[in-house]
1. Could you work out the helix-only [θ] at 222 nm for chain B, with each DSSP H run of four or more residues adding -39,500 (n - 2.57) and the total divided by the number of residues, to the nearest 500 deg cm²/dmol?
2. Can you sort A:TRP143, B:TRP6, A:TRP120 by how many other beta carbons sit within 10 Å, fewest first?
3. I'd like the Karplus ³J(HN,Hα) series for the range B:64-78: coefficients 6.51, -1.76, 1.60, θ = phi - 60°, whole numbers in Hz, and an x wherever there's a Gly or Pro.
4. At a temperature of 4 °C and a viscosity of 1.567 mPa s, determine how fast the range B:4-87 diffuses translationally according to Stokes-Einstein, using the Kirkwood radius over alpha-carbon pairs as Rh; express D in µm²/s, rounded to the nearest whole number.
5. In percent, how large is the relative contact order of chain B, given Cα pairs closer than 8 Å and 6 or more residues apart?
Amino acid sequence: MSVPDLSQIHIQITPSGFAFAVFAAITLVSALMVVTLRNLFHCALFLGMSFIGVAGLYVLLNAEFLAAAQVLIYVGAITVLIMLAIMLTQRIMSARTRRVVIGGYLGFPVAAGIAAALIWGFSSADALSPLRLSQERADWADWTSSLSVSLLAPYLLPFELASVVLLVALVAAVVLAVEDRDPAHPEPLLQRGEGTETPSPLMGEGRGEGDQDAPQSEGGGNAPG
Amino acid sequence: MPQVSWYFSLSAVLFAIGLFGVFTRRNAIGILMCIELMLNAANINLVAFSAFRHQPAGQVFAVFVMAIAAAEAAVGLAIVVCLYRNFRSINVDDVNLLKW
């Protein structure tokens, strides 16, 4: 894979370039760990690490508000949400996931090809004249204030729509995840061979009594029919 | 100083890593994590354009992407929990009721 600016990285090591290298390394190595590790809980931890690296890149790009929002939303909320979902659905320490072999053989060339095409397409972006990062570092207040002004003046309608979308999505998440004790459907929707012979101990202990009652009532209902 | 193509290359590589994960993962939560990686790659692109062009619109849309990503994670993980309740498995290969 041809990284176009590899020579310039070695030539000029400025403090911002060094910080970029550090944050990029954190982001990419953690992302590789997310993709390749077998234990899903470790994947979630490395996902939070990758988000922290991206937050550092936002600071380098004069986007301090986005860096704070990244830490709060991604590292603080989404990673914890993913960890809670892993704890609810898996045996935590032995959650070894399998991966598709054919997907690995097919996915790596496709992903590498897309990355090479994107890098090749972006390699000429330095020649564009208006693309110049502002040198002065003290203008972060201007960036945050201009972000807030543009959020509330020209993009007010999308902003309000985003809040409505968030509200609807969170209500939908609660509706989906709440456990319905409906007596009409006491049994799981489908019992596969793999699913029935390996019930999770985490969910099995919590719902053992309910699950024992459920097949009996379902069997009684099915017997006359 | 980091050039703009550095950020683009980084986001391209991050996007490709996420795409590779989506291809190879069989766990639904793993696929969701890789989708979050890809959304972050898009966000890096947006913020890089915003910073290098001195326009705050890119940051505004990065904020929107974050909001949509949070909604997507909440709904996706709720679906995963619901899936696990019904199938006792969150492998996407086991969920093929609507697949012909």
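1. Computed ellipticity for chain B at 222 nm equals -28000 deg cm²/dmol.
2. Fewest to most other Cβ atoms nearby, the residues stand as A:TRP120, A:TRP143, B:TRP6.
3. 5, 4, 4, 5, 5, 5, 5, 5, 5, 5, 5, 5, x, 6, 5
4. Translational diffusion coefficient: 94 µm²/s.
5. Rounded, it is 28 percent for chain B.
Quick note: the coordinates plus some simple rules give every number you see, no bench work behind them. Predicted, not measured: the structure shown is a model, and the values here were computed from it. A quick note on method: Cβ atoms are made from the backbone with ideal geometry, for glycine too, and the neighbour counts reach across all protein chains shown.
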